[in-house]
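Asks: Dropping a structure here in C-alpha cells format, bear with me for questions.
No lab work stands behind these numbers, since they all come straight from the coordinates. Keep in mind that what you see is a predicted model, and the values were worked out from it rather than measured. Note that each Cβ is placed from the backbone with ideal geometry, even for glycine, and that neighbours are counted across all protein chains shown.
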2 protein chains.
Amino acid sequence: MQRTNFAELKCSIARTLDVIGEPWSPLILRDVFVGFTRFDQIQGDLGISRKVLTERLDHLVAHGVLERRAYDRRPRYEYVLTEKGTELVDLLMVMVGWGDKWLAGEAGPPVLYRHHACGEISHVDLRCAHCGEPMHAGDVDVLPGPGSAA
Amino acid sequence: MQRTNFAELKCSIARTLDVIGEPWSPLILRDVFVGFTRFDQIQGDLGISRKVLTERLDHLVAHGVLERRAYDRRPRYEYVLTEKGTELVDLLMVMVGWGDKWLAGEAGPPVLYRHHACGEISHVDLRCAHCGEPMHAGDVDVLPGPGSAA
DNA sequence: CACGCAGAGTTCCTTAAGGGAACCCCAGTT
DNA sequence: AACTGGGGTTCCCTTAAGGAACTCTGCGTG
C-alpha cells in the first residue's frame with residue numbers, strides 16, 4: 001500500500017500519527033493500559049491478526065511507547081507502558097470522551113472513569129495549562145512555532 | 001485489505017477510530033480547521049491522493065464531522081467543521097501536545113497556540129470535569145459502564 | 001528421557017486499500 | 001468556440017491487513 005510517511009511533515013499531529021496512527025495501535029495501548037499485557041491476551045481480546053500484532057508491538061516498542069519485558073525464565077514477555085506511552089493514554093481518554101458523547105447512543109458509555117482525587121465518576125476536560133480556563137478548538141489562535149522553519 | 005470494522009466493538013476508542021482512524025483523516029480535519037477548506041487546497045497541502053481524499057471527505061461528511069457546502073453558483077464546494085467535528089479538534093490539540101513534548105526535538109513545536117482567555121502561548125491540560133484537578137491515565141479507575149452489556 | 005504443552009511469535013497466501021497519473025464534467029470568461 | 005479552474009473519477013500497480021497453519025523454546029510430567 002506504500003503508505004506515506006507522516007513523520008517527515010512538520011506537524012505534531014502527523015508525527016504522533018506516525019507512532020500510533022496505524023490501525024489497531026490505539027486499541028493495543030488501551031489493552032495494555034487495562035491489563036492485557038501479553039501477546040495472546042491482546043490477540044484474543046482484540047481479534048487482531050497475530051502477524052499485525054507483532055508488527056504493531058515492534059513498532060510501539062521501537063518508538064519507546066511500550067517496553068518488552070521478560071516475566072519468566074522461559075521466553076515469555078509482557079508489554080508495559082513507558083512514561084511516554086502512559087501519556088499517550090491521556091489521548092485515549094480524550095477519544096473516549098468524544099466517543100461517549102457523540103457515538104455511544106442510548107446504551108451509554110461502555111466504560112466509566114472514577115477519578116482518584118475526588119472519587120467521582122467523571123471525564124476529562126481540556127483546560128489551558130497557563131490560566132486554567134477551558135481551552136477548546138475555538139478558544140485559540142494558531143501561530144507558527146520555532147519548529148516551523150523550512 | 002478487508003480491514004476490521006471497529007465500530008462493532010463496545011469501545012468508544014474503537015468507535016472514534018471508525019470515524020477518524022483511517023490514514024489522513026486527522027490531518028484533513030486539521031487542514032479544515034486552519035482554513036484549508038477546499039478540495040484542491042487540502043490535496044495540495046497534504047500531498048494526498050485525490051482518490052483517497054474523496055473517500056475521506058465522503059466518510060467524514062457521512063459521519064457528521066464535516067459539512068459539504070456550496071460557495072458559488074458553479075459547482076464549487078468547501079468543507080466546514082460541524083459542532084461534532086469541532087470537538088474532534090480538541091482531540092487534535094491533545095495529539096499536538098504529546099507530539100510537541102515527545103517528538104519535536106531541538107527545533108521545538110511547529111505551531112503554537114495562543115489562548116484567547118489569557119492571551120498567552122499555552123497548551124492543553126487534562127482536568128477532571130467534576131473537581132477540576134489533573135486527570136491523567138494514572139489518576140483513574142476504569143469501571144464497566146451502562147453500554148458494556150452483552 | 002521422550003512427550004506434551006503453552007507462550008510467542010513466523011510464514012504464506014488471498015484480498016483490499018493507498019498512491020499516482022490521467023481523464024472527465026461543469027459553468028463561467030475571453 | 002475555446003479556455004480555465006475547481007472538484008472530482010478511473011485505472012493500474014503495489015503493499016498492507018486477514019487468517020490459518022506452522023515453528024521454536026523451555027519447563028513439567030510420566
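Asks: Could you sort the peptides A:66-77, A:11-22, A:47-58 by per-residue average Cβ neighbour count (10 Å cutoff), highest mean leading?
Replies: With the highest mean Cβ count within 10 Å placed first, the list reads A:11-22, A:47-58, A:66-77.
Asks: Something else: On average, how many beta carbons from a partner chain sit within 10 Å of the beta carbon of a residue in A:21-27?
Replies: The mean count of partner-chain Cβ atoms within 10 Å per residue comes to 6.
Asks: Quick one: grab the alpha carbon gyration tensor of the protein assembly as shown, order the square roots of its eigenvalues as a ≥ b ≥ c, and give me rounded if a/c is under 1.5, else prolate or oblate depending on whether a/b is larger than b/c.
Replies: Note, shape of the protein assembly as shown comes out rounded.
Asks: Can you tell which of B:Asp90, B:Asp139, B:Asp100 shows the greatest fluctuation in a Gaussian network model of chain B with Cα springs below 10 Å?
Replies: B:Asp139
Asks: Give the average, rounded to an integer, of partner chain Cβ atoms located within 10 angstrom of each Cβ in A:101-109.
Replies: Mean partner shielding for this stretch: 6.
Asks: Taking amide H atoms as placed 1.01 Å from N in the peptide plane, list the residues 5 or more away in sequence, or in a different chain, whose amide H sits under 5 Å from that of B:Val140.
Replies: Sorted by chain and number, the residues that satisfy this are A:His116.
Asks: In whole Hz, with x marking every Gly and Pro, tabulate ³J(HN,Hα) for region B:143-149 from phi via Karplus 6.51 cos²θ - 1.76 cosθ + 1.60, θ = phi - 60°.
Replies: Ordered by residue, 3J(HN,Hα) equals 10, x, x, x, x, 9, 4 Hz.
Asks: Can you work out the Karplus-derived ³J(HN,Hα) for every residue in region A:115-123? Use 6.51 cos²θ - 1.76 cosθ + 1.60 with θ = phi - 60°, whole Hz, and x for glycine or proline.
Replies: Those phi angles translate into 7, 4, 4, 10, x, 9, 5, 8, 8 Hz.
Asks: Between region A:99-128 and region A:55-92, how many Å separate their Cα centres?
Replies: If you average the Cα positions of each part, the centres end up 26 Å apart.
Asks: Cα-based count: Lys pairs in the protein assembly as shown below 20 Å, eight or more positions apart or different chains?
Replies: Step by step, the pairs that qualify in the protein assembly as shown add up to 4.
Asks: With each run of n ≥ 4 DSSP H residues scored as -39500 (n - 2.57), what mean residue ellipticity at 222 nm is computed for chain B after dividing by its residue count and rounding to the nearest 500 deg cm²/dmol?
Replies: That calculation yields -12500 deg cm²/dmol at 222 nm.
Asks: Most fluctuating residue of A:His63, A:His123, A:His136 in a GNM of chain A with Cα springs under 10 Å: which is it?
Replies: Result for chain A, Cα springs under 10 Å: A:His136 fluctuates most.
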